[in-house]
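Some notes on the structure that comes next.
The values are calculated or read from the model by the stated rules, or taken from the named source; none is laboratory data. Bear in mind the structure is a predicted one, so any value in this text is a computation, not a measurement. Methodologically, a virtual Cβ is constructed for each residue, glycine included, from the backbone with ideal geometry; neighbour enumeration extends over all protein chains shown. These accessible areas exclude ligands, DNA and RNA; they are computed on the full protein's heavy atoms, side chains included. Shrake-Rupley method; radii C 1.70, N 1.55, O 1.52, S 1.80 Å.
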Amino acid sequence: KTLGWRAGCRHIKPHRCVKAFVFGGLHTTYVHTYSFFLVPQKVVHSFVFMGSLSRATSLLLSRRAAFTAKRRHASTTARVVGGVHPLVDVGGFLDNAPTARRGEALTTLRHATFEGGPGFFYAAGVEDLLGDVAEIYSLSEALHTMPMHVKKAYAGKGGSSNLGFAYSGADVGEIEVDYEPGTKATARAWDYSRLRFKEEGKSPVQALPELKALQFEEKMLSLYERQNVVGGALLSAIAEVLELQDASIFKAAFASGDMGTIRLINYPGDSEVGPEDMGATCGISPHTDFEAFTLQHQDSMGLQVLARDFTTLPNGGLPWIDAPLGKPDGGEYIVMIGDVLERYTNGVLKATPHRVVRTPHTRKSIIRFNAMAPETVIEPLQQFVTPEKPAAYTKCTMRQHMETTIRNLDLGLGSWDSTAGRSISAHYRY
């Protein structure tokens, strides 16, 4: 008889289906995984006397009612995207969320990020804040079909002085950096930053009429602020599941003026690449993001990720996983851990390696890099440093890590070691 049991035992994880079979005097419990991350099916055998069987069955049945009562909400926190990818009810971390909902979401977040999960997850329950992806993709399409003179006006570091807007792409001679040396990307990107680009620009000028007509700055600022609400809530939740001694440290460093960026990226399909893309090997080469974490939405397949505890394949390759699409009505961004959280936690959290492969179809994505304030000191927190596990990361500031990584990329040094399958930027020694 199939029973649902939200197990309290350590060896039986939450959200698994327990099937009990009786063969004479043998009581066998079969644990079938349908959890939010891929775990091999396990079979647990327990030999009991027939006198104990009814007691064991009663225990299972008594838990069934409780499980059924919670099942509707559990379908939100335990649902997976694409079969194996965890979905976390990030709406449960917002200020007005009920305590029970927050508790469920925290459990899912803990498992997804460092207790057996892949280290990345999809964000659910925030459609009211991030559900306008169709409008953002429409804006992205308008931007990427702008005349060449508009793109060139915002290209390179000179373009970043234009109210925090910048454009890059092979079509204007500004090829996306090769995170893995020797690669070439097809990505074209419009970037928006409230702080970083404005600091770099020496003489800000007004946006060109073409961008003003699209209300580019107003729409980006609105999206940025709404992403900040989600970002602050996520950082508070991450601090809670890590049981930080100072639970406010992440959110405070984020809220005091971060160096984040929104990227609207267009990847031309194979039939649309031009002569300037000759020799392109990827959409974007493998890397980890330099900031605390990344929110990314994609309109079609192409993004690939590595799970936190991946092992090299027998042929020496890496087990890249196709990141599936979220719900079609938008709002489900994939959340990837960045260098900063790995360094803060001395490797308890792992930055998510990812890449974008070339595709026959045109592909777009909406990305938000969530960074800390420029002068925030990033180093392993004391609770993660022990004699058995000394600090594996050196101290730096957010600004220093961003500037050093970008400088190394400009010098062609890369930020990803493909031979070792290791992030150079996450482990950089200052």
Consider the range 283-298. How many of its residues are under 19 Å from Thr359 (Cβ atoms) and in contact with a Ser or Thr (Cβ under 7 Å, 6 or more places away or on another chain)? 7
Conditions (1) open to solvent by less than 20 Å² (accessible area, probe 1.4 Å); (2) modelled with pLDDT under 95; (3) outside any loop (DSSP other than H, G, I, E, B): number failed by Gly117: (3)
Please state which one of Gly331, Gly414 is touching a residue at least 60 places away in the same chain (Cβ under 8 Å), farther than 26 Å from Arg226 by Cα and outside any strand (DSSP E or B). Gly414
Out of the range 418-427, which residues are surrounded by fewer than 18 Cβ atoms within 10 Å (Cβ to Cβ) and not in a loop (DSSP other than H, G, I, E, B)? Arg422
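Determine whether Ala123 is part of a strand (DSSP E or B), farther than 27 Å from Trp320 by Cβ and either modelled with pLDDT of 95 or more or touching a strand residue (DSSP E or B) at 6+ places or on another chain (Cβ under 8 Å) (or both). Reasoning before the result, please.
On the way: part of a strand (DSSP E or B): yes; farther than 27 Å from Trp320 by Cβ: no; either modelled with pLDDT of 95 or more or touching a strand residue (DSSP E or B) at 6+ places or on another chain (Cβ under 8 Å) (or both): yes.
When the stated conditions are applied, Ala123 does not pass them.
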Can you pull out the residues in the range 375-417 that are open to solvent by 20 Å² or more (accessible area, probe 1.4 Å), closer than 27 Å to Leu318 by Cα and β-branched (Val, Ile, Thr)? Ile406
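Among the listed residues Leu61, Leu53, Leu106, Leu143, which satisfies the condition of being among the hydrophobic types (A, V, I, L, M, F, W, C), part of a helix (DSSP H, G or I), surrounded by fewer than 20 Cβ atoms within 10 Å (Cβ to Cβ) and modelled with pLDDT of 95 or more?
Numbers: Leu61 fails: modelled with pLDDT of 95 or more; Leu53 fails: modelled with pLDDT of 95 or more; Leu143 fails: surrounded by fewer than 20 Cβ atoms within 10 Å (Cβ to Cβ).
Exactly one residue qualifies, and that residue is Leu106.
Do we find a residue being at pLDDT below 90 and of a type in the set (Phe, Trp, Tyr) anywhere in the range 158-169?
From the range 158-169, those at pLDDT below 90 are 158-166; that's our starting set.
Filter once more, keeping what is of a type in the set (Phe, Trp, Tyr): 165.
Yes, that holds for at least one residue.
Name every residue in the range 224-237 that is more than 13 Å from Leu94 (Cα to Cα) and touching a residue at least 24 places away in the same chain (Cβ under 8 Å), in order of residue number. Walk me through it before giving the result.
Narrowing the range 224-237 to residues more than 13 Å from Leu94 (Cα to Cα): 224-225.
Listed by number, the list holds a single entry, Tyr224.
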Cβ-Cβ under 7 Å, sequence separation 6+ or interchain: first residue in the range 256-267 and closer than 12 Å to Asp299 by Cα, partner aromatic (Phe, Trp, Tyr) and at pLDDT 85 or above. Which pairs? Leu264/Trp190
Taking the range 177-208 and keeping residues more than 25 Å from Ala373 (Cα to Cα), open to solvent by less than 70 Å² (accessible area, probe 1.4 Å) and at pLDDT below 90 leaves Ala207, Leu208
